[in-house]
Amino acid sequence: MIEIEHLSRHFGSLIAVDDVSFEVGRGEVLGFLGPNGAGKSTTMKMLTGFLAPTSGFARVCGVEVAESPIEAKSHIGYLPEGAPLYGDMTPAEFLSFVAEARGLANGMRQNQIDEAVSRLQLESVLNQRIETLSKGFKRRVGLAQAILHDPDVLILDEPTDGLDPNQKHQVRSLIRAMAKEKAIVLSTHILEEVDAVCTRAIIIAEGTIRFDGTPEELRARSPEGKLDEVFREITTAPAAN
Amino acid sequence: MRNIKVVFKRELAGYFATPLAYVFLVIFLILTGVFTFYLGGFFEREQADLQPFFAFHPWLYLFLIPALSMRLWAEERKSGTVELLLTLPLSMTQAVTGKFLAAWCFTAIALALTFPIWITVNYLGTPDNGVIFTGYLGSLLMAGAYLAIGACISAVTRNQVIAFVVSVTVCLGFVLAGFPAVLDVFAGWAPQALIDTVSSFSFLTHYQGMSRGIIDLRDVIFFGSLIACFLAANALIVDLKKAD
């Protein structure tokens with residue numbers, strides 16, 4: 001569903017993402033881990049067609065993102081970092097704007113919105129301006145927007161960042177519930193999250209992939225089974241090549 | 001087309017969701033009134049036309065239009081929603097056009113709300129309503145040019161205040177392009193051809209004809225192509241600035 005091949009992105013002399021390749025299939029939940037500034041967000045921005053890669057390419061559902069961005073974007077649901085939203089709209093207005101922009105058929109639109117609203121339990125705040133909502137609700141509006149059109153591919157940049165433990169649990173259950181029929185990539189720096197929802201983990205540091213395997217394999221790298229030790233060891237080691 | 005409409009609708013509703021729209025409309029209407037009746041001497045002239053009304057539009061737009069256009073892209077970039085907008089299945093052209101048209105439609109609403117002055121002049125005398133209609137068209141066209149410049153500059157920065165100040169300055173350059181204030185900068189070193197080109201960019205010159213009821217195709221093409229050029233630059237800048 002997602003194929004990334006030799007993807008690189010330079011910002012001037014800075015190499016943010018350096019020759020990254022991986023694939024994600026249906027039913028997989030890929031946890032994208034790495035310290036801040038490692039290139040997680042940049043990779044996701046290229047995958048969703050927001051940024052053009054310097055070299056290499058990304059394909060979503062067989063469509064090359066840089067070549068036919070509009071078709072590729074229609075297969076993707078995306079929660080950008082920090083869940084940016086139009087604060088002057090209400091969730092109801094905002095979701096119907098996204099539904100229209102996504103070209104959902106008139107008859108289907110309200111059903112799809114209702115479905116997303118009930119999955120994220122947004123009923124109580126539908127007609128309040130988004131800027132007055134709590135952080136948890138804002139994040140959920142962002143998630144509702146991402147799953148609105150029932151996309152095959154979900155890209156979530158730090159979906160649980162800043163949520164309280166109950167809300168984190170809710171979002172994780174939602175991701176698990178959708179995992180079967182979708183390919184999901186989520187970035188996080190919370191290591192338990194990998195255990196909780198991911199079927200696979202990629203650790204990225206300084207723009208290169210340092211680890212690619214299951215959470216169990218990751219845990220097996222440390223004698224005590226402590227994830228944060230493994231993480232520190234992998235991300236602070238100099239690049240292999 | 002459908003996508004342009006979606007962006008357009010959201011953007012226009014955005015103006016009315018905040019007090020901005022109402023503040024802008026009220027101030028625009030008060031200032032047009034003040035300019036027309038006091039500075040323009042509407043009654044003292046004892047002529048049944050709207051010359052004093054239209055004559056001040058270039059100056060009124062100079063600082064009111066940048067206030068409308070400054071938020072178009074600067075706000076999207078600051079709040080990060082630009083990432084949301086541009087990962088929806090829309091093209092850049094559709095996003096840029098939709099936003100511009102929403103701002104333009106808003107100025108059309110503001111302009112339409114000046115209708116009492118049209119009623120007044122028709123009540124007091126028998127003006128040539130064709131001339132007045134042409135004046136409105138010319139004014140709207142010129143407002144579009146201000147807006148396109150403002151939208152383009154708003155894409156360069158995340159800071160709305162910077163977008164406002166720079167837009168006012170650039171627009172002032174266009175307004176005064178035919179006058180010594182701008183031409184003296186070029187006089188003495190630039191070839192005459194360049195000076196003539198600069199002075200041909202003057203908003204005042206191109207607007208003057210239309211505000212008096214004369215539609216010259218050259219003026220229409222001037223404003224139309226200026227809008228197209230600045231919107232194309234706008235799209236390019238948004239694209240280049242995504243990485244910051």
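The values are calculated or read from the model by the stated rules, or taken from the named source; none is laboratory data. Since we're looking at a predicted model, the values are computed, not measured. Cβ coordinates were reconstructed from backbone atoms using ideal geometry, including for glycine residues, and neighbour counts include every protein chain displayed. SASA here: full protein model, heavy atoms, side chains in, ligands and nucleic acids out. Shrake-Rupley method; radii C 1.70, N 1.55, O 1.52, S 1.80 Å.
Points to keep in mind about this one:
- Eigen-decomposition of the gyration tensor built on the alpha-carbon atoms of region B:2-241 gives equivalent ellipsoid semi-axes of 31, 24, 16 angstrom, largest listed first.
- Heavy-atom surface of region A:85-150, accessible at 1.4 Å and reported per residue (Å²): 42
- Which listed pairs, of A:K138/B:K242; A:K138/B:K241; A:K226/B:K242; A:K138/A:K226; A:K40/A:K226; A:K73/B:K99, have C-alpha distances above 31 Å, in listed order: A:K226/B:K242; A:K138/A:K226
- Alpha-carbon centroids, region A:38-59 and region B:176-244: separation in whole Å: 38
- Legend: mean number of C-beta atoms from other chains within 10 angstrom of residue C-beta atoms, peptide B:75-87, equals 6.
- Integer Hz, Karplus 6.51/-1.76/1.60 couplings in order for region B:195-211, x for Gly and Pro: 4, 5, 4, 4, 5, 6, 8, 5, 4, 4, 4, 6, 7, 3, x, 5, 5
- Helical content of chain B, expressed as a calculated mean residue ellipticity at 222 nm, amounts to -24500 deg cm²/dmol (DSSP H runs of 4 or more residues, -39,500 (n - 2.57) each, divided by residue number, nearest 500).
- Helix B:2-17 vs. chain B, principal-axis angle (Cα, 0 to 90°, nearest 10): 70
- For chain A, the relative contact order works out to 27 percent when only alpha carbon pairs closer than 8 Å and six or more residues apart are counted.
- Charge dipole of the protein assembly as shown about the Cα centre (unit charges at C-beta), most positive-ward option of A:A101, B:W189, B:L240: A:A101
- Converting phi to 3J(HN,Hα) with the Karplus coefficients 6.51, -1.76 and 1.60 and the offset θ = phi - 60°, region A:151-156 yields x, 6, 10, 10, 10, 10 Hz in sequence order, with x at every glycine or proline.
- Where labels lie 7 Å past Cα in the beta-carbon direction, separation of B:T81 and B:K241 in nm: 1.6
- Within the accessible area of region A:85-150, the carbon and sulfur atoms contribute 44%, probe 1.4 Å, all protein chains present.
- Angle in degrees between helix A:165-179 and the longest Cα principal axis of chain A, rounded to the nearest 10: 90
- Only Lys, Arg, Asp and Glu carry charge here, each on its Cβ (+1 for the first two, -1 for the last two); on that basis the protein assembly as shown has a dipole of about 620 debye about its Cα centre.
- Cα long-axis angle, helix A:91-101 against chain A (0 to 90 degrees, to the nearest 10): 80
- Solvent-accessible area of region B:2-241 (1.4 angstrom probe, protein heavy atoms only): carbon and sulfur portion equals 72 percent.
- Assigned charges on the beta-carbon of Lys, Arg, Asp, Glu; region A:62-134 dipole about Cα centre (debye): 140
- Debye, to nearest 20: dipole size of region B:2-241, +1 on Lys, Arg Cβ, -1 on Asp, Glu Cβ: 800
- Residue order by solvent-accessible surface for B:V170, A:V117 is B:V170, A:V117, largest first, with ligands and nucleic acids left out and a 1.4 Å probe.
- The order of the peptides B:82-93, A:4-15 by mean Cβ neighbours within 10 Å, most packed first, is B:82-93, A:4-15.
- The protection proxy used here, the mean number of other Cβ atoms lying within 10 Å of each residue, ranks peptides B:224-236, A:145-157, B:155-167 as follows, highest first: A:145-157, B:155-167, B:224-236.
- Positive end of the dipole of chain B (Cβ unit charges, origin at the Cα centre): among B:T134, B:V175, B:A17, the Cα lying farthest that way belongs to B:A17.
- Amide proton proximity set for A:R200, modelled H, under 5 Å, gap of 5+: A:V29, A:G31
- Area of A:R172 that stays accessible when all protein chains are in place (1.4 Å probe, Å², to 10): 40
- Long-range HN-HN contacts of A:I15 with modeled amide H, under 5 Å: none
- The phi-based Karplus calculation (6.51 cos²θ - 1.76 cosθ + 1.60; θ = phi - 60°) puts the 3J(HN,Hα) values of region A:103-118 at x, 5, 4, 3, x, 7, 3, 5, 4, 5, 4, 4, 4, 5, 4, 6 Hz, whole numbers, x for Gly and Pro.
- Accessible area of B:I214 (1.4 Å probe, protein heavy atoms only, ligands and nucleic acids ignored): about 100 Å².
- Amide proton proximity set for A:A205, modelled H, under 5 Å, gap of 5+: A:R210
- Peptide A:100-112 has a mean shielding of 2, counted as Cβ atoms of other protein chains within 10 Å of each residue's Cβ.
- Buried area at the A:B interface is about 2400 square angstrom, summed over both chains, from accessible surfaces computed with a 1.4 angstrom probe.
- Surface accessible to a 1.4 Å probe, per residue, for the residues of region B:1-79, Å²: 46
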